[in-house]
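This report refers to the structure that appears directly beneath it.
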Amino acid sequence: MLFSSDKLLAILGIAVALSAYLSGIRLFLIQKIREIPKEDPEKAEKKFEIQKQLGWLTLADAPIVLSAFLLGVKLLWYPLTGIPAPDWILSLGLWLFLLAGTMMVIQHFLAWHKTLTELLPIGLLVVIGILIMFALMIWKTFLM
């Protein structure tokens, strides 16, 4: 077997924790939408912006929930049925986990970029980027 039950359980734990994290964010955004008065046309744009954020969040939320479900099925299938689980359950669960993680990284990067560009001039961002690359090259040199 490619993954032991211990490793699979650890991945499942991470998937469940990330799912709970994303669920908390989703509930917070839904509450923000509910606080916007329905009859205020000026607030319609703000409501739409929050709905867009919910849509982006779904790109990470849906795969992580499905991944947790499939990994849980893989772990419990044999103990409950006595029959080995099909291999595609593990494979699809791990691919969905990778997809969700990738989406979360992209979304975090975009949020960091937006925050930094709103706070700092572009020249300073370029200098910070160069310093980070220089630090990574030095770090890599010490590790070799």
Semi-axes a, b, c in Å (a largest) for the chain, each sqrt of 5 times a Cα gyration tensor eigenvalue, come to 36, 29, 10
For the range 124-130, Karplus couplings with θ = phi - 60° (6.51, -1.76, 1.60), whole Hz, Gly/Pro x: 5, 5, 5, 4, 4, x, 5
The range 27-71 and the range 121-144: distance between their alpha carbon centers, rounded to Å: 35
Any chance you could count the Lys pairs in the chain whose alpha carbons are under 23 Å apart, treating pairs 8 or more apart or on different chains as valid? 14
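Laboratory data are not the source of any read-out in this text; all were calculated from the coordinates shown. The structure displayed is predicted, hence computed values, not measured ones.
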